Amino acid sequence: MKKPCKISASTMARTAALALALTNQLLSCTGHSVLPIESEQLEQLVSTGITVAAALVNWWENNSFTPEAIEADQYLTRLKQK
């Protein structure tokens, strides 16, 4: 019997950060003022920087969502502990 696999908190946090950054980027691209700053260029730079940072972190990290991937991560952890 398989035991239930839980998605790690760090995976959820990285996913939430990416979703927030992408939402921020989309709002900024459609002309909505996301940050209360007068300069649109500064707003674009900040928004793009947040999106790039979140995308790079999410791309680099191992984000396991499926039960099989979570189980494989647990197996790898057990192997490393030996």
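Data for the structure
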{"item": "Selection from the stretch 56-72 of residues that are assigned to a helix (DSSP H, G or I) and free of Cβ contacts under 8 Å to residues at least 40 places away in the same chain", "result": "Leu56, Trp59, Trp60, Glu68, Ala69, Ala72"}
{"item": "Scan of the stretch 57-82 for residues that are surrounded by 11 or more Cβ atoms within 10 Å (Cβ to Cβ) and under 25 Å from Asn24 (Cβ atoms), ordered by number", "result": "Val57, Asn58, Glu61, Asn62, Asn63, Phe65"}
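Every number in this text was worked out from the coordinates using simple rules, so none of it is lab data. Keep in mind that what you see is a predicted model, and the values were worked out from it rather than measured. Don't worry about glycine lacking a Cβ; one is built from the backbone with ideal geometry, like all the others, and counts go over all protein chains shown.
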